[in-house]
Amino acid sequence: METNDDIKNLLAKNLESTEKALGILRKIHRAMLWQRIFAFAKWVVIAALVVVGFLQLQPLIRPFLDNYQNILKIFEQINTLPKK
């Protein structure tokens, strides 16, 4: 009968250890879930800031782009001149 009690004690210890491991595993899983959520949110915020920044800077950049286009047109006209 002592072996029966020993087996019961071992099973009880095993169950306790398993429950502790399951609790730790659940905490790790929850932490990983929140990590994924915040990583996604971080990229959404970065993308939103890039879009908003582009939209805010576009009126300031427009004159430079227009000048650049004019310079390109001038170079195209120079390249199309007949060569002597």
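The values are calculated or read from the model by the stated rules, or taken from the named source; none is laboratory data. No experiment lies behind these values; they were computed from the predicted model shown. FYI the Cβ positions are ideal-geometry reconstructions off the backbone, even for glycines, and counts take in every protein chain you see.
Listed by first and then second residue, the pairs with beta-carbon distance under 7 Å, at least 6 apart or on different chains, first residue in region 1-18 and free of Cβ contacts under 8 Å to residues at least 40 places away in the same chain, second surrounded by 10 or more Cβ atoms within 10 Å (Cβ to Cβ), form an empty list.
Taking the conditions exactly as written (at pLDDT below 95, part of a helix (DSSP H, G or I) and among the basic types (Lys, Arg)), does Lys27 satisfy them or not? No: the conditions fail for Lys27.
For the residues Asn67, Asn79, Asn4, the requirement of being surrounded by 10 or more Cβ atoms within 10 Å (Cβ to Cβ) and either assigned to a helix (DSSP H, G or I) or out of contact with any Lys or Arg (no Cβ under 9 Å at 6 or more places or on another chain) (or both) singles out Asn67.
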